[in-house]
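The next block holds one structure in the form of structure tokens; read it before the comments.
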Amino acid sequence: MKLSDGVIVLIITACAYLFSYSYSFGYFTAKEIPIEFINISLISLLKMGFGLIAIFCLLSNLMDFIFSQDDDIVISDEVKRFLIRNSIGFVTAFLFLFDFFLKVDFVKLILFFLLVYITIIIEFDVKEMTGSRIFYKKRYSFKLKKLKPLASLRIAEKLNVRIYYVYLTWFLASFFLMYNLGSVSASLTHETLMCNKDMYVIQMNDDSALITDDYKKFSFIEKTKCNFTIIKPTGKKNK
């Protein structure tokens, strides 16, 4: 099964749009801005495209390192597959945990450790090395399991679409990654563009701007009716 060039271009464009929306969804949710105001512009797509290129370049360098034949560094095939399989997950987990420290959201912390626990159960064979009943004195050994193919992967192989199945799993992982990246960005960045000196500009559209002064009431105003100024970040969170 081979896709035509036109279909590939369409898929890439759709992915760029969905990733942009996922990033904006995470950003707006973290700022408690209604998601109905999300507007994906051409500039957003271009920014997302460059961002994705940077991320996948880093992942590509990681894979080159994993598969490098350096005599000083020996990595088993099981470890290589584990790192590749969970590369995006590691980045997402880091952002997930980083977002917790920024917002002190214990629900996210519980979800993080739950995901870590599930990953350990699925990926590792854990055995207790000591018979101590005291928790902090217990020692465990971890050995990577030889994973059996998932039922969905077996179906993909029978339909001869395994490569597209792999792309789909990476897409879903990247989609969740962009959501967490938007959430973290909302905690680290502050609006610096002002409209008429008293309204924060949240989003610029083709002919209007989304503005607010208290992050509770929002409105659109024509660009021609705005006198835009840039303020210096004070380190104080706008929202």
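The values are calculated or read from the model by the stated rules, or taken from the named source; none is laboratory data. Because the structure is a prediction, the values reported are computed rather than measured. Cβ: placed from backbone, ideal geometry, glycine included. Neighbour counts: every protein chain shown. Heavy atoms of the whole protein, side chains included, go into the accessibility calculation; ligands, DNA and RNA do not. Shrake-Rupley method; radii C 1.70, N 1.55, O 1.52, S 1.80 Å.
Number of residues in region 9-27 that are in contact (Cβ under 8 Å) with a residue 12 or more places away in the chain and over 26 Å from ASN86 (Cα atoms) equals 0.
For SER4, state whether it is modelled with pLDDT of 70 or more and more than 23 Å from LEU95 (Cα to Cα). Yes, satisfied. Name every residue in region 90-129 that is open to solvent by 80 Å² or more (accessible area, probe 1.4 Å) and touching a residue at least 24 places away in the same chain (Cβ under 8 Å), in order of residue number. ILE122, the sole residue that qualifies.
LEU97: among the hydrophobic types (A, V, I, L, M, F, W, C) and modelled with pLDDT of 70 or more, yes or no? Yes; evaluated as a whole, the condition is true for this residue. Is it fair to say ALA173 is in contact with a Lys or Arg (Cβ under 6 Å, 6 or more places away or on another chain) and of a type in the set (Gly, Ala, Ser)? Criteria not met by ALA173. Residues that are more than 19 Å from TYR23 (Cβ to Cβ) and either open to solvent by 30 Å² or more (accessible area, probe 1.4 Å) or touching a residue at least 40 places away in the same chain (Cβ under 8 Å) (or both) are absent from region 173-190 altogether.
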